[in-house]
Amino acid sequence: MPPVATADEFILQLALESGLITKAEVAHATATNEIQTEATTTYQRLVRSGALDASKAFRLLADRFGMKTVDLNRIAVTTDVLELVTRAQALHYRLLPLHRVADTLEVAIADPLDSDGIDALVHLLRLTIVPRIAPVDEIIQAIGRFYGEEETGVADLLHNPTVTASTGKPDRNVDEESSASDAPVIKLVHTLIAHAVKHRASDIHLEPLERRFRVRFRIDGVLIPYESPPKRLQAVVISRLKIMAGISIAEKRLPQDGRIQITLGERTLDLRVSSLPTSHGEGIVMRILDQESLKFGLGELGFMEDDRATFDRLIAQPDGIMLVTGPTGSGKTTTLYSCLHAINTPDRKIITVEDPIEYQMSGINQVPVRAEVGMTFATALRAILRQAPNIVMVGEIRDLETAEIAIHASLTGHMVFSTLHTNDAPGAVTRLVDIGVKPFLVSTALRGVLAQRLVRKICPACGQVYEPDLAELRQLNITPAQSRTATFRRGKGCAKCHHTGYQGRMGIFELMVIDDDIRQLIHAGASAAKLRAKARLAGMRSLREDGLRKVIAGLTTIEEVVSLTIGDAS
């Protein structure tokens, strides 16, 4: 007999081998199956007809895998255990949490051959999972009994195509005349986006794998598994998203980029869509740009009071360049928008050049880069300066031409804000020199550099005080005196934070002010190491030191700061 791929087929094989059913009964059920319109397996028809005892069959399966069975009709599950797994996760993976003792969680599963659910729980909960076997029908019924009714999900939409999508008005980029056969997929896509927004996701990842179509949300910088559509819907879901994004559904060999505007209730969202051909189909990543969820105030970024006062003074300068540095995803753009929001007054003209424009800001002139028609950063910046602005924001300094125009703008009475991809604040100076800017120009124009990272904040719902051990304290070189006055906290993990212990993010910063001593070093062509040493003498804190202050204040954890500042350990 060839290898089997599902629990139903494996149970059927065991039942035949043990004599619970005969080959004739299997043949009859298979023949009946072929003329049925409902999607049932041969095993399921044997059980429903009474030819096969499901409880005996599952005992055979449990014995073969060395597991215990569980009768879900005779158990009670406590609320704290149910909170470990969401209803959507339970339905998607066909499992039910039963009982927790210390770091061990018992879980009812239907298919011991499918390890995805167990693997996901181990990753999310960091617990030892002990599986118990139960029939899938009993698991689904128990999920409904214990979790109750909840929001419409992927599984609900697939089984109930008449459900109204929770996204309110239809998106503007989609043809209104969609066929009835497309309706379930349209509603599924809208509901997927709505759930991502509800859970504060910044990205939606749809990834075609060999045997499944995986969906994950990026929440607070971490990818969290979500209820995924069946593999058979992969092609239609991808096509639907490509139509919504205005990109070609016929082109499947090259990457493509598009944009979706969609309305959820009273909110209008922009989604930046990227498609990428892979070995198992096209993958889609959607970046959610939600104007309402973004807080532009400098107070929301995570500055401590002293750094905030220094930063406010720097961005209020009448001219010069202020740079924000860090890797992709470190919040540089949000910081720039916050700066503009803070200094945006009726007597100032502010113009930005961005690639692309991520958020529309009231009272600010925003110019998109369009390289395909020759509208580059440098071209746009030249034109902007003829518009007599007070403040200019350049999304990123990428080349010598853009850098030189920005510096000359700062030397002729403009305040310029921009970003660079460098790891720390002193590295921004050497980066400008490396791309060809003269050191004397850098020293004259530059006012300050802010390097930053984003760390996750402790969940307010499940955060609790604890005492770190000596090894943890050593990771950040926390002294006994600091430890005595600190409030160390960490999240236990709850449904609100997806059992991560974190909810939301904040910045940790390295703020280098360009004073006369540092200006002389830049003019002399000093290395980044010498600039760092001089800045440290002047009071600059490293990223790790700023993170330490936020650990001691009980805002984030030691593990989070250490993981993001490994290169700053010295």
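In this simple spin-label approximation, Gln464 and Arg145 carry label points 7 Å from Cα along the Cα→Cβ vector, and these lie 3.0 nm apart. Convex hull volume of the Cα atoms of the stretch 400-467, normalised per residue: 136 Å³.
Counting only lysines at least 8 places from Lys550 when in the same chain, those with an alpha carbon closer than 21 Å to its own are Lys295, Lys332, Lys457, Lys492. Shape summary: the stretch 182-272 maps onto an equivalent ellipsoid whose semi-axes, from the alpha-carbon gyration tensor, are 19, 17, 14 Å in decreasing order. For the stretch 310-428, the share of DSSP beta bridges that are antiparallel, to the nearest 5, is 5%.
Report the full-extension gain for the segment Asp257 to Phe440: residue separation times 0.36 nm, less the Cα-Cα distance, to one decimal in nm. Each step should come with its number before you reach the end.
Details: separation 183, 0.36 × 183 = 65.88 nm, distance 4.04 nm.
Difference between extended and current length: 61.8 nm.
Counting every pair of alpha carbons in the stretch 350-446, the share spaced more than 21 Å apart comes to 31 percent. Partner lysines whose Cα lies under 25 Å from the Cα of Lys231, excluding those fewer than 8 positions away in the same chain, are identified as Lys187, Lys198, Lys242, Lys252.
Tell me, what is the FRET efficiency for Lys56 and Lys492 to the nearest 0.05, using R0 = 45 angstrom and their Cβ-Cβ distance as r? Working shown, then result.
Working: r = 41 Å, r/R0 = 0.92.
With a Förster radius of 45 Å, E is 0.65.
Annotation for Glu300 and Ser563: the two label points, set 7 Å from Cα along the Cα-Cβ direction, are 2.4 nm apart.
Express in nm, to one decimal, how much length is gained between His99 and Lys23 on full extension, taking 0.36 nm for each residue of separation and deducting their alpha carbon distance. Provide the component values of the computation, followed by the final result.
Numbers: separation 76, 0.36 × 76 = 27.36 nm, distance 3.92 nm.
Here the segment from His99 to Lys23 would lengthen by 23.4 nm.
On the basis of the beta-carbon distance and an R0 of 25 Å, Arg232 and Arg64 show a calculated FRET efficiency of 0.30.
Counting only lysines at least 8 places from Lys23 when in the same chain, those with an alpha carbon closer than 29 Å to its own are Lys56, Lys68.
The simple Förster model, with R0 at 45 Å and r as the Cβ-Cβ distance, assigns Asn344 and Ile249 a FRET efficiency of 0.65.
How high is the relative contact order of the stretch 318-372, in percent, with contacts defined as C-alpha pairs under 8 Å that are six or more residues apart?
Values: 37 pairs, mean separation 12.7, N = 55.
After rounding, I find 23 percent.
Once you reduce the stretch 186-221 and the stretch 277-341 to the center of their Cα atoms, the two points are 24 Å from each other. Label-to-label distance for Ala316 and Arg386 is 3.6 nm, based on points extended 7 Å past Cα in the beta-carbon direction.
Each reported figure results from applying straightforward, stated rules to the coordinates on display, with no laboratory input. Computed from a predicted model, the values in this text were never measured in an experiment. Glycine gets a Cβ as well: all are built from the backbone with ideal geometry, and neighbour counts include every protein chain shown.
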